[in-house]
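Visitor: Quick one: this structure, given as structure tokens, is what I'll be asking you about.
Nothing in this text is a laboratory measurement; each read-out follows from the coordinates by a stated rule. All of these numbers come straight from a predicted model, not from anything done at the bench. All Cβ positions, even for glycine, are placed from backbone atoms using ideal geometry, and neighbour counts span all protein chains on display.
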Amino acid sequence: MIPKKRLPAEERKKQILRSAVAVFAQSNYRGAKVAEIAAASGVSEAALYKYFPSKKAVFLDILMHMSKRIILMWRNEASREPDALKLLHKMGTLYFKRMAQHPQELKVHFQAVSEIDDPDIVAQLRLDHTRYVRFISGVIEKGIRQGTIRKDADVQMAAWIYNGMGITMNMAKLLSFDQVFDQERVGRIVDFIIDSIKAD
């Protein structure tokens with residue numbers, strides 16, 4: 001019998017998180033058991049607890065990693081696209097593509113929203129959306145400096161509306177409104193928001 005390969009600690013944590021996403025998506029946060037996550041990860045419960053002290057810690061780490069990957073995706077695009085308006089458009093379409101490719105993560109995110117009475121989960125969600133809005137605001141402010149976005153634009157409000165578009169797309173995907181939210185229409189929705197703040 002070939003012994004199981006021992007993964008480095010960071011790789012093992014990633015494996016547990018990936019497996020946990022699938023377990024939560026198939027069940028839900030409250031119903032999922034640590035034993036199920038451990039089994040899906042190919043580790044014992046005792047081994048899982050070496051990496052995460054609780055099921056909630058796993059759940060919070062998933063939320064944190066999801067938001068970090070979205071910000072990283074936007075940062076990478078920002079490093080390639082200097083034009084703020086084009087960047088805003090690309091950020092929206094990239095987010096849509098990522099969302100479509102990771103439907104299980106969408107389910108986990110909406111499970112988190114249903115757990116807002118939990119102070120730790122709501123704190124993580126607030127932090128995630130604060131980071132999204134901060135990044136979007138930075139791009140809008142860049143557009144103002146470039147002269148492509150109106151100087152009188154309410155940066156915070158525009159950033160929250162843009163962020164809300166992402167939430168709407170998530171809901172539409174979960175409810176299978178694929179005929180309404182396809183790639184072309186998403187691009188038009190993004191442009192509609194951009195047009196509301198674009199300089200004349």
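Visitor: Near Lys173, within a Cβ-to-Cβ distance under 13 Å, what is the net charge of the other residues, with Lys and Arg +1 and Asp and Glu -1?
Guide: With Lys, Arg at +1 and Asp, Glu at -1, the net is +1.
Visitor: Set the Förster radius R0 to 35 Å, insert the Cβ-Cβ distance between Met157 and Ser27 as r into 1/(1 + (r/R0)^6), and round the FRET efficiency to 0.05.
Guide: Once the sixth-power term is evaluated, E becomes 0.40.
Visitor: Continuing with the same structure: Listed highest first by mean packing, meaning other Cβ atoms within 10 Å per residue, what order do 14-27, 144-157, 34-47 come in?
Guide: Output ranking for 14-27, 144-157, 34-47: 14-27, 34-47, 144-157.
Visitor: Something else about it: Could you list the residues of segment 68-88 with an amide nitrogen less than 19 Å from a label point located 7 Å from the Cα of Thr130 in the Cα-to-C-beta direction?
Guide: Within reach of a label on Thr130: 68-72.
Visitor: Per residue, how big is the convex hull around the C-alpha atoms of the chain? Give it to me in cubic angstrom, could you?
Guide: 142
Visitor: Have a look at segment 150-200 and give its Rg and Dmax from the Cα atoms, expressed in angstrom.
Guide: Taking only Cα atoms of segment 150-200, I get Rg and Dmax of 12.5, 38 Å.
Visitor: Express in nm, to one decimal, how much length is gained between Arg150 and Asp191 on full extension, taking 0.36 nm for each residue of separation and deducting their alpha carbon distance.
Guide: The Arg150-Asp191 span can extend by a further 13.3 nm.
Visitor: Contour minus end-to-end for Asp83 and Ala39, with contour as 0.36 nm per residue of separation and end-to-end as the Cα-Cα distance?
Guide: Gain in length upon complete extension: 11.1 nm.
Visitor: Which of the pairs Lys56/Lys97; Lys56/Lys151; Lys33/Lys68 have their Cα atoms more than 32 Å apart in this structure?
Guide: Lys56/Lys151
Visitor: For a quick check: sort Leu94, Leu106 by the number of other beta carbons within 10 angstrom, fewest at the front.
Guide: In increasing order of surrounding Cβ atoms, one gets Leu94, Leu106.
Visitor: Explain nothing, just the number: relative contact order of segment 41-200, from Cα pairs under 8 Å at least 6 residues apart, as a whole percent.
Guide: Result for segment 41-200 is 29 percent.
Visitor: Tell me which residues come under 5 Å, amide H to amide H, from Ile149 once H is placed; ignore anything under 5 positions away on its chain.
Guide: Under 5 Å from the amide H of Ile149 lie the amide H atoms of Ile144, Ala199, each far enough along the sequence or on another chain.
Visitor: Suppose we keep just the alpha-carbon trace of segment 1-53; what are its Rg and Dmax in angstrom?
Guide: Cα-based Rg and Dmax for segment 1-53 come out at 11.3, 37 Å.
Visitor: Determine by what factor the alpha-carbon radius of gyration of segment 110-192 differs from 2.2 N^0.38 Å, reporting the quotient.
Guide: 1.29
Visitor: Something else about it: Kindly give the semi-axes, whole Å and largest first, of the ellipsoid equivalent to segment 21-81, taking each as the square root of 5 times a Cα gyration tensor eigenvalue.
Guide: Whole-Å semi-axes of the equivalent ellipsoid: 29, 12, 10.
Visitor: In Å and from the alpha-carbon atoms only, list the Rg and Dmax of segment 108-156.
Guide: 15.2, 43
Visitor: On a 0 to 90° scale, report how tilted helix 119-146 is relative to the longest principal axis of the chain, with both axes built from alpha carbons and the result rounded to the nearest 10.
Guide: For 119-146 against the chain, the angle is about 30 degrees.
Visitor: To continue, here is another question. Angle, helix 155-174 long axis vs. longest principal axis of the chain, Cα atoms, 0 to 90°, nearest 10?
Guide: Roughly 50 degrees between the two axes.
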